Amino acid sequence: DITAPVITLTGANPQIIQVGSVYNELGATVTDNIDVGLTPVINSSSVNTAIVGSYTVTYNKTDSHGNAANQITRTVNVVDTRITALAAFGGISSSPGITTVTYGGAPSYTMTPYFGYAIASVTVDGVDQGAIGTYTFTNVTAPHTISATFVATTFFIIAFPTTNGTICPAATTTVASG
């Protein structure tokens, strides 16, 4: 027999996993014209799920007649797709804290002021987006931050005295909500 076995990957290539998660080998199958029940020799020792990066897993097999299969590789991309959402006093984010989103995902965040407050600004990755209520990330492939600041709403009381009475003070007064 001079025919080499053939290795076929099972699962995704590249395989994408979140930083800090457990690496689960997706496996491969080996077929041969003579030998049956062959399993590949898998080397995934380079995969470090604690560090964002791209890693290579190798698959090899030699049959009982000494025929070596062509080495097959799988790329394992360790990614960080966490979004940190912060809201200052005066309001709340729809998903406060740290959220892990699907690689390539497009999550939306809504910033809601408490009664008596308004959105002052929303900042995404250090860039002011203005006083918006909702922000949608697109194609998330890296970590992001979103934060909101709020300001107490103010009201203006304008007093107009009439001929039958007095108002003190007889002017415009600014009053904070609450």
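Of note:
- Qualifying residue in segment 73-89 (condition: under 30 Å from THR110 (Cβ atoms), at pLDDT below 95 and more than 22 Å from the chain's Cα centre (by Cα)): yes
- Condition check for THR149: out of contact with any helix residue (DSSP H, G or I) (no Cβ under 8 Å at 6 or more places or on another chain) and surrounded by fewer than 16 Cβ atoms within 10 Å (Cβ to Cβ): no
- Every pair of residues 6+ apart whose Cβ atoms lie under 8 Å, when the first sits in segment 3-21 and is at positive phi while the second is assigned to a loop (DSSP other than H, G, I, E, B) and loosely packed, with under 12 Cβ neighbours inside 10 Å: GLY20/ALA50
Per-residue answers, yes or no, for (1) under 27 Å from GLY20 (Cα atoms); (2) modelled with pLDDT under 90:
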{"residue": "ALA106", "(1), (2)": "yes, no"}
{"residue": "TYR114", "(1), (2)": "no, no"}
{"residue": "VAL122", "(1), (2)": "no, no"}
{"residue": "ASP128", "(1), (2)": "no, no"}
{"residue": "THR136", "(1), (2)": "yes, no"}
{"residue": "HIS144", "(1), (2)": "yes, no"}
{"residue": "PHE160", "(1), (2)": "no, yes"}
{"residue": "THR163", "(1), (2)": "no, yes"}
{"residue": "THR173", "(1), (2)": "no, yes"}
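- Sole residue being among the aliphatic types (A, V, I, L, M), on the phi < 0 side of the Ramachandran plot and out of contact with any strand residue (DSSP E or B) (no Cβ under 9 Å at 6 or more places or on another chain), chosen from VAL140, VAL175, VAL122, VAL127: VAL127
- Filtering segment 152-171 to residues that are open to solvent by 60 Å² or more (accessible area, probe 1.4 Å) and within 52 Å of the chain's Cα centre (by Cα) leaves THR154, PHE155, PHE156, ILE157, ILE158.
- Every residue from segment 83-130 that is surrounded by 13 or more Cβ atoms within 10 Å (Cβ to Cβ), part of a strand (DSSP E or B) and aliphatic (A, V, I, L, M): ILE83, ALA85, LEU86, ALA87, ILE92, MET111, ALA118, ILE119, ALA120, VAL122, VAL124
The values are calculated or read from the model by the stated rules, or taken from the named source; none is laboratory data. The structure displayed is predicted, hence computed values, not measured ones. FYI the Cβ positions are ideal-geometry reconstructions off the backbone, even for glycines, and counts take in every protein chain you see. What goes into the accessible areas is simple: the full protein's heavy atoms, side chains included, and nothing from ligands, DNA or RNA. Shrake-Rupley method; radii C 1.70, N 1.55, O 1.52, S 1.80 Å.
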